[in-house]
Amino acid sequence: PNVKLVTSDNEEFVVDFRIAKMSVTVSRLMEAMNMSETDDASLLSNSIPLPNVTKAVMARVIEWCEKHKNDEPKEEKENDKRGRTTHVVSDWDKEFLKNDEFGRLCQLMGAANYLEIKGLFNDISQTIANMIHGKKSDEIAEMFNIHCDLTEAEKKEIRKKTAWCED
Amino acid sequence: MQYFPVVIMEREPILESDLSQLSIKNEEMKLIEDLPYELLWEIFDRTPESISNIRLISRLFKSLVDEYALSRKCMRLVDYVQFNFESGNARAMSVVINIEERFKNLFELRFKLRNPDIELTRRLQRADYGVTLGYFLEFNVVNDQSYLMLLRETMGESLKTVIVNENSNFNQAKSSFVSAFLEDVHFDKLQCQFNYLSEQKFTFLVNLMANGNLRKLHLMVEYVTLADPVESLVRLSSLATTISVTQLSVNGLAEDALLFFGKTGFNWAPTFIEMMNRRCDKLNVHSDYAQFMQKDHADLLKEKLPKIKKKIWFCTSCECYEDKFEYTENGSEIKYVKCNNFERFLSVKHLLRVGE
C-alpha cells in the first residue's frame, strides 16, 4: 500500500507504507487519521500534510529511506540520550551526503528532526561534526559561510580567558 | 468527527523514480545559525574537541557555545570520579576526576566559564595520561564547599563510575560531603573499597546506590563488622543488576582460612541464590580465601542456579574440585576452570551470556 505525503510547497509524494512508517511523526499522524496498512480506502482518501518540509528536501529524505527501509531497528540504551554519541556513518550514507553543501545538510537535519527519522538525523549530524573536526575557526567559518565579527585582538583575549593555567 | 487539513493537489504526484531530478535551490538553503539550538548542540556533542575553535567563529557562535557549555544537561564528560578519604585530618580529602582527552576543551571551558579566577584554576592539578586526563584536588570538606560545588557543576549530571576509597579514614563529615556532592548525579557504576565495613559505612553505600540509580557495584572489603552480613548482601542485590564482591586478604590470616564477607566457614550458596532471584542477574564473587566455597556449597550452586528463570551470569572463586569440567544444563553453561595454580573458578552462565 502507498501513502500520500504533502510538502509545504504543496507537492505530493506517493511512498510505500513501510517508508512512511520510518518517520515517527508520519506514523503518529497516520494513527491519528485512522490510516492503516490493511485499509486501502483510508490511505487513498487521506494525505499527510508536512508543512515543515519542502519538496526538494522531502525527495532527499525519501531517497535515504528507500535505501534503509530494510535495516534492522537499532536498540537505543537508556543512557544514550545524554550519553556519549558515537555514530559511524556507513559508506553508502557518506556517498549520499558528500555532495550536499552545509546549507543543504542543515535543511535535511531539520527535516530529519521534524520527521523523527533517527538514523538519518544521526547520519547528518555526524557528517557535519566530521566536517568540523580538526579545522581551525577561520576554516569552519568559511565552510559555514559566516563572516567573523571578532577582531584578532578579541580572539586573543577570548583564548587567554579560557586557557588552563598549565597551557 | 475529527477534521484534518487536506491539501488539494493540482499537479501530478511525484513518483519515487523522479526523485533524482529534483535539486535544492540555493535560495532555499538554510544557514547553520538558523538551526534550533538543540540541533546545534547535537553537532557540538559529536565534536567536543572542536569547541574552542567553534567558539572563535563569531560573536554569535561564542555565545551559542558558552550557553551549551554552561548547560547542566551536558553530555557525560567524566569517566570516573574518585574520592580518597585521606588520613591525618578529619576533614581532608582528595578527588580525582578522569576524562577522555577529547573532552578536555569542553570540560575546561565549563570550569573556566564558571570560574575565571586563575588562582582557583591552579588548585585543580591536571595530569596527562595520553588518551585520558586526570584533574586532582586536595580539599577540606568544610572550608572548600563553594569550590567543590563549582567542580560538581563542571562535571555535569551524569558520569560513568564513582570510586570511593575510605582508607580507614571514614567519618560523618567526609561521607556527608560525598553524598551531597553526588546528589542528583547519575552514575552507572560504584566501586567502593572498605578496610572495615561497618553499619555506618553500609548505610552510606546503600544511600549512594539508591541516589545514583546505578547498575553496577564493585565492593571490596577486608573486615566486615556488620550485624547481619547475609541480609546486607541480599539487600545490595535489590539495588544493582551487576554486583562484584571481593574479599581482600586480611593481615595475619592464613591462606586456607574459610573467610568471606565477615563470616568464616559459612555456607554462602543459599545467599548467592537468593541474590540472583532479586534485581541482580550478574554476580561475581572473588575471595583471596577461595576455600570458603566448600564442595557441598558449590554443588548446591551447580544444582540451583541453572533453574533460576532468568538469564543469569554467576562466577565465584572456588578450589573444591580436583578436575576441571564443563557441561550444559537448562540453558546454562556450568564450568569449573583452573586458570593457573592460584585462580580457580566455578561459573554458571546462561548460554546467551557466556561471552560476557
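The values are calculated or read from the model by the stated rules, or taken from the named source; none is laboratory data. Everything numeric in this text was worked out from a predicted model, so none of it was measured. Counting neighbours? That spans all protein chains shown, and the Cβs are built from the backbone with ideal geometry, glycine included. Quick note on the areas: whole protein, heavy atoms, side chains included, nothing else; ligands and nucleic acids left out. Shrake-Rupley method; radii C 1.70, N 1.55, O 1.52, S 1.80 Å.
Rounded, prolate or oblate: which one fits chain B, using the alpha carbon gyration tensor with axes a ≥ b ≥ c (rounded when a/c is under 1.5, else prolate when a/b beats b/c, else oblate)? It is oblate, given that a/c is not under 1.5 and a/b is not larger than b/c.
Summarising the strand pairing of chain B, around 50 percent of its internal DSSP beta bridges are antiparallel.
Protection proxy ranking of B:295-301, A:3-9, by the mean of other Cβ atoms within 10 Å over each peptide's residues and highest first, is A:3-9, B:295-301. One chain, two ends: B:Leu60 and B:Leu352. Fully extended at 0.36 nm per residue, the span grows by 100.0 nm beyond their Cα-Cα distance.
For the segment A:97-109, counting C-beta atoms of other chains within 10 Å of every residue's C-beta and taking the mean gives 4.
When only Cα pairs below 8 angstrom with a gap of at least 6 residues are kept, chain A shows a relative contact order of 21 percent.
Helical runs (DSSP H, four residues minimum) scored at -39500 (n - 2.57) apiece and divided by the length of chain B put the mean residue ellipticity at 222 nm at -8500 deg cm²/dmol. With all protein chains in place and ligands, DNA and RNA left out, the 1.4 Å accessible area ranks B:His286, A:His87, B:His186 as B:His186, B:His286, A:His87, largest first. Treating each Cα of the range B:168-209 as one equal point scatterer and applying the Debye formula with no solvent, the log10 of I(q)/I(0) at q = 0.17 Å⁻¹ comes out as -0.45. By DSSP, the beta bridges lying fully in the protein assembly as shown are antiparallel in about 50 percent of cases.
Relative intensity of chain A on a log10 scale, I(q)/I(0) at q = 0.13, 0.15 Å⁻¹, equals -0.76, -0.92, per a Debye sum over C-alpha point scatterers of equal strength in the absence of solvent. Our summary gives the range B:78-311 a relative contact order of 15 percent, counting only alpha carbon pairs under 8 angstrom and 6 or more residues apart. Between the Cα long axis of helix A:118-132 and the first principal axis of chain A there is an angle of about 20°, rounded to the nearest 10.
Computed on the range A:101-167, the Cα convex hull volume stands at 128 Å³ per residue. The listed peptides A:122-129, B:84-91, B:108-115, ordered by packing as a protection proxy, come out as A:122-129, B:108-115, B:84-91 (highest mean of other Cβ atoms within 10 Å first).
When the alpha carbon gyration tensor of the range B:98-152 is reduced to an equivalent ellipsoid, the three semi-axes, largest first, read 20, 13, 9 Å. Counting only alpha carbon atoms, the long axis of helix A:152-162 and the longest principal axis of chain A meet at about 80°. Shown here: the protein assembly as shown, whose C-alpha atoms stretch 89, 65, 47 Å along the first, second and third principal axes, sorted largest to smallest.
One equal scatterer on each Cα of the range B:75-219, no solvent, Debye formula: the resulting log10 I(q)/I(0) at q = 0.10 Å⁻¹ is -0.32. Computed packing ranks the peptides B:129-139, B:72-82 as B:72-82, B:129-139, most packed first, by mean other Cβ atoms within 10 Å. The long axis of helix A:55-68 is offset from the longest Cα principal axis of chain A by roughly 80 degrees.
Peptide A:111-117 is shielded by partner chain Cβ atoms: per residue, an average of 1 of them sit within 10 Å of its Cβ. Per residue of A:52-63, count partner chain C-beta atoms within 10 Å of its C-beta, then hand back the mean as an integer. Other-chain Cβ atoms within 10 Å of each residue's Cβ, averaged: 4.
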